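To keep things clear, I will list the structure first and then write my remarks on it.
The values are calculated or read from the model by the stated rules, or taken from the named source; none is laboratory data. Given the structure is predicted, the values throughout are model-derived calculations rather than measurements. With ideal geometry, Cβ positions are generated from the backbone for all residues, glycine too; neighbour counts draw on all protein chains shown. What goes into the accessible areas is simple: the full protein's heavy atoms, side chains included, and nothing from ligands, DNA or RNA. Shrake-Rupley method; radii C 1.70, N 1.55, O 1.52, S 1.80 Å.
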Amino acid sequence: MHAIRRILLSAAILVGLAGHASAEAVNIFAAASLKNALDAVSEAWKAEAGKETKNTYAASSALAKQIEQGAPADVFISADLDWMNYLKEKKLIKADTRKELLGNALVLVAAKDSGLKLELKEGADLAGALAGGKLAVGDVKAVPAGKYAKTALEKLGLWASVEKSLAESENVRAALALVARGEAKLGIVYATDAKAEKEVEVVGVFPQDSHAPIVYPAAVIVSSKNPDAEAFVSYLSSPKAQEIFTAQGFTILK
């Protein structure tokens with residue numbers, strides 16, 4: 001009887017281990033600006049649900065192209081609607097899982113204690129504030145933060161005066177780093193990026209009507225076989241996740 005019990009117990013342990021091994025981490029492809037907040041959300045999800053994520057951060061444009069080429073993503077979180085719509089048109093996202101999660105603001109940053117303040121409006125002397133230095137931005141043709149930046153500068157009539165001073169980066173966090181390291185005099189990033197980097201300060205805020213609304217949508221990828229992917233997307237709207245996003249400076253979209 002004891003031998004049978006031991007065999008059954010051993011079998012139960014093996015089944016438990018096999019079940020644990022099959023619970024793969026959810027592969028999240030997310031906009032670079034989400035790093036601090038999403039890492040914290042992932043930790044909270046792990047604590048609450050016992051599930052893991054593997055987070056990959058880059059420009060939304062780069063991630064969308066990687067997904068198109070077959071990268072093993074389970075969930076995509078973009079920093080704009082364009083790149084999510086791109087994947088939707090390619091039929092690469094599960095449309096019924098899509099959620100418009102977060103909003104953000106576009107700001108001008110300088111190195112900490114720069115003493116600079118600039119009201120960003122038509123006629124603002126942004127070129128003068130640069131004083132021959134570089135203006136760090138995401139790639140204005142592809143990276144969402146760069147696209148928002150170009151639109152805002154054009155709307156305010158400032159594009160022509162600074163176009164030749166641009167230092168374009170592969171994502172918004174790379175642009176932020178240029179300012180933090182003193183390699184660019186100013187940078188255009190999201191308000192949440194500025195909050196996450198202690199070596200920079202906000203010296204100007206772009207009017208909301210100078211660019212399209214900054215929206216972060218999330219969706220499960222069609223090719224995903226991970227049963228936890230949809231649960232994670234749902235968790236992004238949970239009270240705990242919203243608390244984390246709000247603390248990082250994001251706005252919650254209803």
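If the condition is being buried (at least 24 other Cβ atoms within 10 Å of the Cβ), in contact with a Gly (Cβ under 7 Å, 6 or more places away or on another chain) and over 15 Å from Ala129 (Cα atoms), then region 170-191 contributes Asn171, Val172, Ala175, Leu176.
Can you name every residue in region 170-200 that is part of a helix (DSSP H, G or I), under 11 Å from Gly138 (Cβ atoms) and in contact with a Leu (Cβ under 8 Å, 6 or more places away or on another chain)? Passing the criteria: only Asp193. Restricting the search to helices (runs of 4 or more DSSP H) fully inside region 1-93 and requiring at least 3 residues that are over 13 Å from the mean Cα position of the chain (by Cα), at pLDDT 95 or above and more than 20 Å from Thr251 (Cα to Cα) gives 35-49, 60-68, 81-89. Of the residues making up region 208-230, none is free of Cβ contacts under 8 Å to residues at least 40 places away in the same chain, under 19 Å from the mean Cα position of the chain (by Cα) and on the phi < 0 side of the Ramachandran plot.
When Ala105, Ala95, Ala73 are checked against the criterion of being small (Gly, Ala, Ser) and surrounded by fewer than 16 Cβ atoms within 10 Å (Cβ to Cβ), Ala95 stands alone in meeting it.
Yes/no per residue for (1) surrounded by 14 or more Cβ atoms within 10 Å (Cβ to Cβ); (2) at pLDDT below 95; (3) of a type in the set (Val, Ile, Thr); (4) farther than 17 Å from Asn55 by Cβ:
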{"position": "His211", "(1), (2), (3), (4)": "yes, no, no, yes"}
{"position": "Val215", "(1), (2), (3), (4)": "yes, no, yes, yes"}
{"position": "Ala218", "(1), (2), (3), (4)": "yes, no, no, no"}
{"position": "Leu236", "(1), (2), (3), (4)": "yes, no, no, no"}
{"position": "Ile252", "(1), (2), (3), (4)": "no, no, yes, yes"}
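Reported count of residues in region 56-70, each being under 19 Å from Arg98 (Cβ atoms) and open to solvent by less than 40 Å² (accessible area, probe 1.4 Å), is 5. No other residue among Glu199, Glu243, Glu230 is open to solvent by 60 Å² or more (accessible area, probe 1.4 Å) and out of contact with any helix residue (DSSP H, G or I) (no Cβ under 7 Å at 6 or more places or on another chain) apart from Glu243.
For region 39-98, a residue qualifies if it is touching a Pro at 6+ places or on another chain (Cβ under 7 Å) and under 20 Å from Asp228 (Cβ atoms), and exactly one does: Arg98. Somewhere in region 141-161, is a residue touching a Lys or Arg at 6+ places or on another chain (Cβ under 7 Å), surrounded by fewer than 22 Cβ atoms within 10 Å (Cβ to Cβ) and assigned to a loop (DSSP other than H, G, I, E, B)? Yes: region 141-161 contains one or more residues that are touching a Lys or Arg at 6+ places or on another chain (Cβ under 7 Å), surrounded by fewer than 22 Cβ atoms within 10 Å (Cβ to Cβ) and assigned to a loop (DSSP other than H, G, I, E, B).
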